[in-house]
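As structure tokens, the structure follows; a few thoughts come after it.
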């Protein structure tokens, strides 16, 4: 069994530092410069100014101008999509990974492409138009020295998250929260320190899905299965060290299902 102490994590979609960014900054800079040149070329083809592109895309003109001038890093992912749409292209086409219609495609297709840069932020940074702040769950001691605890939302630490991601997953913003995983029981899928997003509005067990649960005041992230007679079987990915835990219908009453895992992020070490 592992517990989940709250460790402050930055949001993966726009904040997490990646191995690509940390260890291959030259490649990252080259991709960013390539995108900058492609946008300039597209503007030149259309005889547009950055203001024209701003009007077509809905991205603020200063954001476009700062990127094109090289004084600011790559815009956020949702702004790149808007810029591409304003140019009548997909993001993949704008980045050169996909040919526009009527142009012969390249013989090989990429398996991944860069979605955007990283924006540093702190508690005083205003939320972006596509961002919300999600709370973390934590374990709280009930009384000093008793060793008893319960699980509740941590109203201090927050994690920034994309509204679009929540919408795509069918998660109501009011039901979204986060948990930080501790220990090795869910490796290799969820290593120690991984962060998961949970939908607290989804508490009915679907066999094989991951859930954040509370057992005797301890916060855990596990795969759940229903068993005959109304019981629950708890499974860890690291089954060699952590065998299945069967709970009868009576015993399962001690399990509180906080929410289904709909997203997770792993920070490589």
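The values are calculated or read from the model by the stated rules, or taken from the named source; none is laboratory data. All of these numbers come straight from a predicted model, not from anything done at the bench. Please note: Cβ atoms are built from the backbone with ideal geometry, for glycine as well, and neighbour counts cover all protein chains shown.
State whether the residues of region 252-264 include one that is at pLDDT below 90, surrounded by fewer than 18 Cβ atoms within 10 Å (Cβ to Cβ), within 22 Å of the chain's Cα centre (by Cα) and within 26 Å of residue 132 (Cα to Cα).
No, because not a single residue in region 252-264 is at pLDDT below 90, surrounded by fewer than 18 Cβ atoms within 10 Å (Cβ to Cβ), within 22 Å of the chain's Cα centre (by Cα) and within 26 Å of residue 132 (Cα to Cα).
Could you name every one of the strands (runs of 3 or more DSSP E) located completely within region 196-269 that has at least 3 residues being more than 25 Å from residue 161 (Cα to Cα) and out of contact with any helix residue (DSSP H, G or I) (no Cβ under 9 Å at 6 or more places or on another chain)?
218-227, 231-235
When you look at residue 66, is it in contact with a helix residue (DSSP H, G or I) (Cβ under 9 Å, 6 or more places away or on another chain) and either modelled with pLDDT of 75 or more or surrounded by fewer than 18 Cβ atoms within 10 Å (Cβ to Cβ) (or both), yes or no? Quick ask: steps written out before the conclusion?
Working: in contact with a helix residue (DSSP H, G or I) (Cβ under 9 Å, 6 or more places away or on another chain): no; either modelled with pLDDT of 75 or more or surrounded by fewer than 18 Cβ atoms within 10 Å (Cβ to Cβ) (or both): yes.
No.
Out of 14, 85, which single residue is surrounded by 15 or more Cβ atoms within 10 Å (Cβ to Cβ) and at pLDDT below 90? Don't jump to the end; show me each part of the working.
Working: 85 fails: at pLDDT below 90.
Among 14, 85, only 14 is surrounded by 15 or more Cβ atoms within 10 Å (Cβ to Cβ) and at pLDDT below 90.
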